[in-house]
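Every number in this text was worked out from the coordinates using simple rules, so none of it is lab data. Since the structure is predicted, the reported quantities are computational estimates derived from the model, not experimental observations. FYI the Cβ positions are ideal-geometry reconstructions off the backbone, even for glycines, and counts take in every protein chain you see.
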Amino acid sequence: MHVLLIFVDGVGLGADDPAVNPLAAADTPTLDSLAGGRRWTASTGWQTTDRAEFIPTDAVLGVAGRPQSGTNQATILTGINVPAQLGYHFGPKPDAPTRALLEETNLFKTLIEAGRSADLINAYPPRLHHDINRGKTLRSSIQHAAWAAGLPMHTAEDLLSGGAMSEEWTGKAWREMLGYPDAPIFTPHEAGRRMVELSRGYEFAFFSHWYTDILGHRGPFEDAVRLWETIDGVMRGALEAWDDDEGLMVITSDHGNFEDLSHGKHTENLVPTVVVGAQKAAFADGLTDLSHITPKILRALGMLGL
Ligand SMILES: [Zn+2]
């Protein structure tokens with residue numbers, strides 16, 4: 001039994017409007033199949049299919065204002081409603097109180113301290129390692145959670161040896177933008193298979209994708225449509241490789257943004273949580289907001305009573 005959590009930053013469920021919502025405009029047969037043959041929008045609603053539960057999930061968490069990555073990624077990884085506890089949404093990087101909560105408890109840490117295996121399976125470029133080590137930038141809440149558990153933040157060497165993956169899956173960004181002509185390159189379909197294979201080395205594997213949030217802030221729309229179609233290809237490979245009896249594959253996001261390119265801000269829309277695996281119904285039961293993800297994963301891994 002293992003869990004692969006695929007985190008896609010800043011993707012909410014928006015209008016059925018192909019002029020502003022890339023999810024309503026893109027051609028995504030695989031993603032649609034996970035939502036009863038429908039595109040992922042606000043009108044989709046909860047869907048149960050043979051393979052998946054599609055669960056519209058609250059990311060506002062009862063706190064006024066637009067949800068942000070710092071506090072909401074922390075909510076996903078602690079099981080605590082962090083915005084409610086602090087009284088505000090904060091991001092994109094976590095502030096000191098959010099970091100303190102992550103250092104106290106988080107999913108990676110709970111698992112590692114119990115002798116279980118967990119990993120943040122992304123590779124990060126030397127520049128980011130350098131800036132973090134020099135105090136020039138903060139870790140994201142996701143990176144901070146892994147760090148607080150004593151996990152390594154993977155490097156370019158891990159990418160080259162196949163021990164970690166590019167956040168955009170295919171490796172193109174490492175070749176074309178980060179100066180690694182030898183970086184392994186995958187089609188989206190191959191990358192999806194590879195992500196599943198990598199996840200099998202851990203009881204809990206977290207894959208973090210953030211470019212959706214970048215395009216949600218600044219577009220252009222055509223790139224956003226293309227990215228969502230790439231993600232469809234990744235999920236086609238992932239679903240082919242995934243055996244429903246091996247555990248749970250979960251997709252979720254921290255807040256809306258990418259689904260409404262009529263402006264460059266986050267939204268208060270519900271976000272999609274999708275769960276694939278034989279135990280999907282138990283995972284989905286009662287899941288209504290982002291604070292439920294961690295307890296559901298701990299239960300699935302036998303770490304909490306039913
Ligand atoms: Zn953002």
For PRO83, net neighbour charge (Lys/Arg +1, Asp/Glu -1) across residues whose Cβ lies under 14 Å away: -4
For every helix of n ≥ 4 consecutive DSSP H residues, a contribution of -39,500 (n - 2.57) applies; sum these over the chain, divide by its total residues, and give [θ] at 222 nm rounded to the nearest 500 deg cm²/dmol. -10500 deg cm²/dmol
Ascending count of other beta-carbon atoms within 10 Å, so fewest first, for ARG200, ARG236: ARG200, ARG236
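Nearest 20 debye, what's the magnitude of the dipole of the chain about its Cα centre given +1 on Lys and Arg Cβ and -1 on Asp and Glu Cβ?
Working: 24 positive and 39 negative charges, 142 e Å.
Approximately 680 debye in magnitude.
Beta carbons within 10 angstrom, averaged per residue: use that to sort the peptides 272-285, 138-151, highest first. List each step's numbers first, then the result.
On the way: 272-285: 20.3, 138-151: 22.1.
Going by the mean number of other Cβ atoms within 10 Å, highest first, we get 138-151, 272-285.
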Order the peptides 84-91, 73-80, 4-11 from the highest to the lowest mean number of other Cβ atoms within 10 Å of their residues. 73-80, 4-11, 84-91
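Quick one: net charge around PRO152, please, counting Lys, Arg +1 and Asp, Glu -1 for every other residue with C-beta under 13 Å from its C-beta.
Net charge in that neighbourhood comes out at -2.
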Shape call, segment 67-147: gyration tensor on alpha carbons, a/c limit 1.5: oblate
Binned at 20 Å from 0, what are the whole-percent values of the Cα-Cα distance distribution for the chain, short to long? 36, 62, 2
Fewest-first ranking of TRP40, TRP242, using other Cβ atoms within 10 Å as the exposure measure: TRP242, TRP40
Using a/c under 1.5 as the rounded threshold, could you call segment 151-200 rounded, prolate or oblate? The axes a ≥ b ≥ c are square roots of the C-alpha gyration tensor eigenvalues, and prolate needs a/b larger than b/c, oblate otherwise. oblate
